[in-house]
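Only the coordinates and a few stated rules stand behind these numbers; no lab work does. From a predicted model like this one, the values you see are computed outputs, not experimental measurements. Quick reminder, even Gly has a Cβ in these numbers, built from the backbone with ideal geometry, and neighbours come from all protein chains shown.
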Amino acid sequence: MEQAFIGLGTNLGARETNLAAAQKHLAGEPGIKVCGVSSIFETEPWGVQNQPGFLNQAVRIHTDLEPRELLAACKHIEQRMGRQAACRWGPRLIDLDILLYGTRVVLTKDLVIPHAHIMERRFELEPLAELCPGLVIPGTAMTAQQALKQCTDTGEVFRRAEQAAEQV
């Protein structure tokens, strides 16, 4: 089993419920065991600014799925939850991104691990650093906590005081 981290994001509908549902779907997938969930973070949009704010989380899993199989499982969960194709970085009911997959670096047309923008997205680094601050991000010499300290993203990211989502 390989350790991997999935970033969850939502800015449409009942956002807390969307995060909880995504966690349950992940936990129900064959070959995936959910081992930890970060706090919920309220975040500003990244990329396309004219849209509602997001809720983001990171989920730590153990999986025997290969990276492409894990990507397919994440896309399937998004579809089952009702995600519609939209503009890049636009509003979404749910988004599941593979942030890290063990110590692997994957660079293909449809899959980049570590996530292509992880080092420049505070909304991904905050939950990751909360879960595993000392985890070294593959392809870098930095831990999640170090990457967060050096991140130049100025978007607001706030840990929610109360967790409305029922966590796995």
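Here are a few things to note about the model shown:
- Hydrophobic, long helices, defined as DSSP H runs whose alpha-carbon span along the helix axis is 30 Å or greater and whose mean Kyte-Doolittle value is at least 0.0, do not occur in the chain.
- Filtered GluC sites (Glu not before Pro), the stretch 108-164: DSSP coil and at most 16 other beta carbons within 10 Å: E156, E162
- Shown in residue order for the stretch 58-65 are the 3J(HN,Hα) couplings computed by the Karplus curve 6.51 cos²θ - 1.76 cosθ + 1.60 at θ = phi - 60°: 10, 10, 8, 10, 10, 9, 9, 6 Hz (x for Gly and Pro).
- Within straight-line cross-link reach of K75, lysines at Cα separation under 25 Å, skipping those fewer than 8 residues along the same chain: K24, K33, K109
- Range in the chain, longest, excluding exposed trypsin sites (Lys or Arg not before Pro) [loop by DSSP; at most 11 other beta-carbon atoms within 10 Å]: 1-87
- Springs between Cα atoms under 10 Å define the GNM used for the chain, and in it the highest mean-square fluctuation of T143, T43, T108 occurs at T108.
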